[in-house]
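Worksheet: the structure to be examined is printed underneath.
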Amino acid sequence: MSRRPGNPARRFGDGGSVGGLFSSKSRTSPLLPSGLVALGLFCVIYYISSGSGSGGTKSFMRLVEGDYACTLEVQRAIPSLKKAYGDSMHKVLHVGPDTCSVVSMLLKEEETEAWGIEPYDIEDADGKCKGLVRKGVVRVADIKFPLPYRAKSFSLVIVSDALDYLSPRYLNKTLPDLARVSSDGIVLFAGYPGQQKSKGAEQSKFGRPAKMRSSSWWKRYFVQTSLEENEAVSKKFEQAAGKNSFKPSCQMFHLNSYQ
Ligand SMILES: *[C@@H]1O[C@H](CO)[C@@H](O)[C@H](O)[C@H]1NC(C)=O
């Protein structure tokens, strides 16, 4: 019993005062039982609040790294994508979390205009990102609903870390919609099944845990939804990636837009 209050205290640093309070009370106070109960309660509450607090922060950090993994890949892939797609990179829409970083990077490329759809909230966005939102370059939109763009508004659509969160029911609407707003293709970045997130990611702020699908699942899915992979561009991309020593750690698919 006497060890119990010590454990959370030791675990979360600042233990001296709790231990000290406990021992002095137990020696002097005539109201030992109620004092003990109060102290026990205090410790339980302290344990719960600090426990869930630090645990929550930690799993949030993991969540952020894991959930943006493929978006980071997009940034690394840009030079190779430019080589593979050439002129088709002149009007690009990126869809995915942290789209501001991708859009900012694309805007630095010559002859490339870029827009972004951020599917989640951007409360923690920096000033530069908020500026892009104010200018309408980046929009916050739920991708379960039709995108607010006319057919073939963009030459290329790049999507990362977004479709993994959609159930097949919504995927059936969203992926064809990406094909609708693009004219020269879609580049899809998806996690590998092995990249399943930690348990903390179950309570994802994205509402639904990511479901990482295998390459064969995606390929079957493309056939079902009448989307074709662009073999020629896939080959060009692989060659360019090889030269740039870029090895994607996410699955990448190059799809044709609807004709
Ligand atoms: C999604 O679309 C495919 C192909 O049209 C269809 O076979 C499948 O049943 C659909 N899934 C859902 C959940 O609507």
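Taken together, the values in this text are just the output of simple stated rules run on the coordinates, not laboratory data. Quantities reported herein were computed from a predicted structural model and do not represent experimental measurements. For neighbour counting, all protein chains shown are included, and Cβ atoms are generated from backbone atoms with ideal geometry for every residue, glycine included.
What to note about this one:
- Positive-end residue of L171, A141, A84, charge dipole of region 68-255 with Cβ unit charges: L171
- With each label modelled as a point 7 angstrom along the Cα→C-beta vector, the E123-K235 pair spans 5.0 nm.
- Computed over region 107-153, Kirkwood Rh from alpha-carbon pairs, angstrom: 12.0 Å
- In this rough spin-label picture, where each label sits 7 Å from Cα along the Cβ direction, the D142-R169 distance is 1.3 nm.
- Mean-position separation - Cα centroids, region 220-259 and region 99-155, in angstrom: 22 Å
- Among 252-258, 90-96, 217-223, the order from most to least packed when residues are scored by Cβ within 10 Å on average: 90-96, 252-258, 217-223
- Figure legend: label point modelled 7 angstrom from the Cα of K243 along Cα→Cβ; residues of region 75-117 with amide N under 15 Å from it are 78-87.
- Taken over the alpha carbons of region 68-255 as equal point scatterers, the Debye sum produces base-10 log I(q)/I(0) values at 0.09, 0.11 Å⁻¹ of -0.29, -0.45.
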